[in-house]
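Just so it is clear, none of the values below were taken in a lab; they were calculated from the coordinates. Quick caveat, the model's predicted, so the values are computed rather than measured. Quick reminder, even Gly has a Cβ in these numbers, built from the backbone with ideal geometry, and neighbours come from all protein chains shown.
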Amino acid sequence: MLESILIPVISLGDIAFVLGLCIVFVSKKFYVQEDPLLSTVIDLLPGANCGGCGYPSCSQFAAALVEKKDPSMVCPFGGPEIAQKIGSVLGIQMSETEPLVCTVRCHGTDNVAKVTANYHGIKDCWTVKIAFHGTKICPYGCLGLGSCISACDYGALSLKDGIINVNPDRCTGCGLCVDACPQQVLEMQPREPWKYYVACSSKDKGALTMKYCEVGCIGCKKCEKICPTDAIKVENFCATIDQEKCSACGLCAEVCPTNSIVLTKDSRIIKES
């Protein structure tokens, strides 16, 4: 009876011992020396794995950065402080990055933008755009079904009054929401200092724009004419503002007849409650 128990136990013990030796041998034989710089850079990165850098994870971005030592490879989430620390570790001068925040180039809420039909199907902007060309008469505005919300891993986006709102306290500036928007109404803007931008993406003539939205840009060029820094250009019946030239004087917003020009911090941005 005792032998019938001991023999299997000893046999299993021998097998485990041999397998253990094999594991030790393989680990020594195929051991890959890890660059200590890589571990240091990984520890410095925020670990958000947001993909804003173009790599699927922070560790892969760190590996590429250590290998290439490219000063332009900067973590958009980490900002200049982390970039400087990484630059010190790698012995290079990292490029300065400007913190960004998502803005919505559409203010066509339910009470000012006319709709073609009430939609109660799948909450996906791409589906509605392909199948129905949207639910609003305006072919350029926010569809308000939240494909960008699904793409955001940080809860920075929410839906209110039919269009997207941005919480800057949660926005990392990764830009994944921009890629998820079929209408291209989401745009990354400098976080600070706050500047003015046009919260409209229409490319139709003013008379047509006014028929389907009360706050759309009508291309009147009043803002372009009054801008003291030549930061505003009207193309395809819609104004755009060069953020590098904008002095945030506010004259453009004052003369805009449809109130489609807003200060970034006062746009479709909400604060943490």
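The table for this structure:
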{"quantity": "Listed pairs LYS114/LYS160; LYS203/LYS245; LYS123/LYS160; LYS114/LYS221 exceeding 18 Å between Cα atoms", "calculated": "LYS203/LYS245; LYS114/LYS221"}
{"quantity": "Ranked list, fewest to most other Cβ atoms within 10 Å of each Cβ, for PHE30, PHE17, PHE132", "calculated": "PHE30, PHE17, PHE132"}
{"quantity": "The chain: DSSP helices with Cα axial extent of at least 20 Å and average Kyte-Doolittle hydropathy no lower than -0.5", "calculated": "2-29"}
{"quantity": "Extension gain (nm, one decimal) between ASP179 and SER72, 0.36 nm per residue minus Cα-Cα", "calculated": "36.4 nm"}
{"quantity": "Computed Kirkwood radius, in angstrom, where 1/r is averaged over Cα pairs of the range 38-90", "calculated": "10.6"}
{"quantity": "Cβ-based net charge around LEU90, under 14 Å, with every Lys or Arg adding one and every Asp or Glu removing one", "calculated": "-1"}
{"quantity": "Additional length obtainable on full extension of the chain from ASN118 to GLN243, 0.36 nm per residue less Cα span", "calculated": "41.3 nm"}
{"quantity": "Virtual spin-label span in nm between GLN93 and PHE132, 7 Å along Cα→Cβ", "calculated": "5.6"}
{"quantity": "Convex hull volume of the range 7-108 per residue (C-alpha atoms, cubic angstrom)", "calculated": "159"}
{"quantity": "Cut-off of 10 Å, at most 11 other beta carbons, DSSP loop: longest stretch of the chain lacking such GluC sites (Glu not before Pro)", "calculated": "97-243"}
{"quantity": "Spherically averaged projected area in nm², based on the convex hull that wraps the Cα atoms of the chain", "calculated": "24.0"}
{"quantity": "Along principal axes, Cα extents of the range 118-245, largest first, whole Å", "calculated": "45, 35, 21"}
{"quantity": "R0 of 25 Å, Cβ-Cβ distance SER59-VAL26: FRET efficiency to nearest 0.05", "calculated": "0.60"}
